[in-house]
Amino acid sequence: MKILTLLGSPRIKGNTATVLNTIEMEFVAQGCAVERINVPKKKVNGCLGCNKCRLEPDRIACVQKDDVTEIFKKMISADLILFATPVYYWGMTAQLKALVDRTNALITNYGEPNQTSLIKNKPIALLATGGGVYENNILLFKEFDKIIKALLARKTGELHIGECLEPKDIPPEIKDKATKFAKEVLLQMATL
């Protein structure tokens with residue numbers, strides 16, 4: 001099984017990356033191949049809103065020439081996509097949001113009966129870390145549910161790790177929580 005993780009944090013050794021490492025290690029222990037893309041290290045332009053991409057439902061047809069097409073190809077070929085982001089002002093990072101906005105290029109006929117997506121039925125999960133508690137960050141999870149619905153994908157799990165500001169603040173039990181999450185996501189995939 002091929003798993004693609006999309007790290008949206010500009011801090012490649014921060015909380016999100018630290019928890020993501022544990023999750024990825026469990027995926028590997030379960031026999032999966034894991035590839036991580038550090039989104040802030042890629043050239044990801046903002047969406048132009050031109051909708052030219054929606055004219056060709058069978059391919060990635062974005063007019064922009066940056067790293068997004070390469071990322072989308074990996075998303076399409078993956079068996080699971082895990083988005084990982086710290087919570088910034090109740091949402092995902094700007095770097096990851098730019099990529100998510102560009103997923104417009106994966107959808108055609110949005111809102112119509114014949115709507116389709118190049119990642120239709122793709123299992124997708126979310127990891128979010130932050131200084132606040134889940135209740136203060138629920139907007140991100142609601143937004144993510146809408147993104148999954150628009151992409152016609154399937155949510156296979158979400159994990160919020162809160163009340164920590166630095167990797168040194170992450171308590172040891174979080175590793176167990178992250179490992180359990182990875183196992184639950186794989187179990188959820190098996191039932192799809």
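The values are calculated or read from the model by the stated rules, or taken from the named source; none is laboratory data. These numbers come from a predicted model, not from an experiment. Reconstructed Cβ throughout: ideal geometry from the backbone, glycine too, with neighbour counts over all protein chains shown. Just so you know, the surface numbers come from the protein's heavy atoms only, side chains and all, with ligands and any DNA or RNA stripped out. Shrake-Rupley method; radii C 1.70, N 1.55, O 1.52, S 1.80 Å.
Would you mind checking K73/K120; K52/K97; K41/K142 for any pair whose Cα atoms are more than 24 angstrom apart?
K41/K142
Among G162, G111, G14, which one shows the highest mean-square fluctuation when the chain is modelled as a Gaussian network with alpha-carbon springs under 10 Å?
It is G111.
Please name which of A84, L152, P172 has its Cα lying farthest along the dipole of segment 79-175 towards the positive end, using unit charges on Cβ (Lys, Arg +1; Asp, Glu -1) and the Cα centre as origin.
L152
Excluding T5 itself, calculate the net charge of residues whose Cβ lies under 13 Å from the Cβ of T5, where each Lys or Arg counts +1 and each Asp or Glu counts -1.
Neighbour charge sum, excluding T5 itself: -1.
Name the residue, out of A105, A29, A150, whose mean-square fluctuation peaks in a Gaussian network model built on the chain with Cα pairs under 10 Å.
A29
With +1 on each Lys and Arg Cβ and -1 on each Asp and Glu Cβ, how big is the dipole of the chain about its Cα centre, in debye rounded to the nearest 20?
Computed about the Cα centre, the dipole is about 500 debye.
If you average the C-alpha positions of segment 133-192 and of segment 70-117 separately, how far apart do those two centres end up, in angstrom?
16 Å
Computing the accessible area with a 1.4 Å probe over protein heavy atoms, can you report the carbon and sulfur percentage for segment 89-142?
53 percent
Tally the DSSP beta bridges in segment 68-156 and give the antiparallel ones as a percent, rounded to 5.
Of those bridges, close to 25 percent are antiparallel.
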